[in-house]
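Heads up, the thing below is written out as structure tokens.
The values are calculated or read from the model by the stated rules, or taken from the named source; none is laboratory data. Owing to the predicted nature of the structure, the values given are computational and were not obtained by experimental measurement. All Cβ positions, even for glycine, are placed from backbone atoms using ideal geometry, and neighbour counts span all protein chains on display.
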Amino acid sequence: MNYALIGCGRIAPNHIKAAQNNHLKIIALCDVVPDHMESLLSKFNLQNDKSIARYTDYKQLLADHPELELISITTESGAHAQIALDCIDAGVNVIIEKPMAMSMKDADEIIRRSEEKGVAVCACHQNRFNIAVQKTRAALEQERFGRISHGSIHVRWNRNREYYEQARWRGTWAQDGGCLMNQCIHGIDLLRWMMGGEVDTVYGILRQQQHPYIEAEDIGMAVVTFKNGSVATIEGTVNVYPNNLEETLYLFGETGTVKIGGKSTNNLDVWDFADETESDKANKALRESASNVYGNGHTSLYADVIAAIRTGRKPYVDAVAGRNALEMVLAIYKSAKTGKPVKLPLSDFASADMAGEFEK
């Protein structure tokens, strides 16, 4: 399957590795900075491979390669939606790094146009493929928790000034958002997915405590009510000293309690069920090693997308899933801006609508 990557920054190596692991034919890369492409290729000893075309204009890449079947978009967040729409219009299937878009309007248009064109779109929430997450999801689908009471997600990481100064778009409302949109959206996706998806209200607060040189939040908290009667809390921050601490998901039900821990929801710290089986004993000590906080899920996500393209089904993490995660973050933003709970569905709101929030 012919593959290309647009955007060769921090997360791009995970995508190239996943592409190679799934035997995709890498035919082109694109980045506005040519050195970024060469640096990425050199990490995989591909710098001398002349069969991989290099572009600084993704539209030219699309025009030159009608044979493309799959493209990944790993640019700055603010560019995701327009690039995705142009790829969809060209008839190319797309994997979009999180967040899928920066506004509800753009997310809804990606869904509408992809369905119109018959193109597969995957939102890159790779943590859904973590072993601990998959085991928990299976327990949910088997109704082992009974009625869910409540849950929570805690993303307690560190991002320092050096991180934000590496790229001017980081921490801006229009191109990135704050810690909830960038670092915490994976955990927020897992929470909504596990809790049943149908959200009633979101009440959130944002603060900028330790990063006055960015526009957006460095800590956000929220209380979420679901239509099934369950409730949840969200805590996301990049203010943890000195390094990333944890990304932890709790689920509490009548007959089951699970804590998925580790730095990127990759361990089962608590696994207790009323109907305990022999296999549960192994789950109690499950640890999935990962070389970084991005985890190991990209390869599995790519395998699923490839299978979806070949069979005509939707990807496991489709565009609607990406929209739902974005909606949660934007609902917290809107609530913080207005000081009021926000009812879902959220018809239209954008990260850019938060401009000047911490200049008051």
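Once the range 50-79 is narrowed to residues that are under 29 Å from ALA350 (Cβ atoms) and acidic (Asp, Glu), the residue that is surrounded by the fewest Cβ atoms within 10 Å (Cβ to Cβ) is ASP57. From the set of residues in the range 192-240 that are in contact with a helix residue (DSSP H, G or I) (Cβ under 8 Å, 6 or more places away or on another chain) and under 20 Å from CYS124 (Cα atoms), which is surrounded by the most Cβ atoms within 10 Å (Cβ to Cβ)? Here the residue is GLY236. Residue selection: ALA19 satisfies the criterion of being under 20 Å from GLU69 (Cβ atoms) and not in a strand (DSSP E or B).
Identify, please: which residue in the range 22-44 is aliphatic (A, V, I, L, M), in a loop (DSSP other than H, G, I, E, B) and out of contact with any Phe, Trp or Tyr (no Cβ under 7 Å at 6 or more places or on another chain) and is, among those, surrounded by the most Cβ atoms within 10 Å (Cβ to Cβ)?
Taking the range 22-44 and keeping what is aliphatic (A, V, I, L, M), we get 24, 26-29, 32-33, 37, 40-41.
This time we only want the ones that are in a loop (DSSP other than H, G, I, E, B), so: 24, 32-33.
Remaining after also requiring out of contact with any Phe, Trp or Tyr (no Cβ under 7 Å at 6 or more places or on another chain): 32-33.
On the way: VAL32: 15, VAL33: 11.
Checked the range 22-44; the qualifying residue surrounded by the most Cβ atoms within 10 Å (Cβ to Cβ) is VAL32.
Criterion applied to TYR3, TYR58 was being within 22 Å of GLY118 (Cβ to Cβ), out of contact with any Cys (no Cβ under 7 Å at 6 or more places or on another chain) and modelled with pLDDT of 95 or more, and the one residue passing it is TYR3.
With respect to the conditions (1) polar (S, T, N, Q); (2) surrounded by fewer than 24 Cβ atoms within 10 Å (Cβ to Cβ); (3) assigned to a helix (DSSP H, G or I), THR136 falls short on a single one, namely (2).
Evaluated against (1) exposed (fewer than 15 other Cβ atoms within 10 Å of the Cβ); (2) touching a residue at least 12 places away in the same chain (Cβ under 8 Å); (3) over 26 Å from GLN183 (Cα atoms), GLN47 falls short on exactly one condition, (2).
In the range 271-360, which helices (runs of 4 or more DSSP H) lie fully inside it and hold 2 or more residues that are surrounded by fewer than 17 Cβ atoms within 10 Å (Cβ to Cβ) and aromatic (Phe, Trp, Tyr)? Even if it seems obvious, please write down each step before you answer.
Values: elements: 278-283, 297-311, 319-338.
Filter on the range 271-360 gives an empty set.
Would you point out which residue out of ARG323, ARG310 is under 28 Å from GLY220 (Cα atoms) and at pLDDT 95 or above? Criteria check complete, one pass: ARG323.
Within the option set ILE188, ILE148, being modelled with pLDDT of 95 or more, closer than 30 Å to GLN82 by Cβ, in contact with a Leu (Cβ under 9 Å, 6 or more places away or on another chain) and crowded, with 18+ Cβ neighbours inside 10 Å holds for one residue only, ILE188.
Can ASP275 be described as over 20 Å from the mean Cα position of the chain (by Cα) and among the acidic types (Asp, Glu)? Yes.
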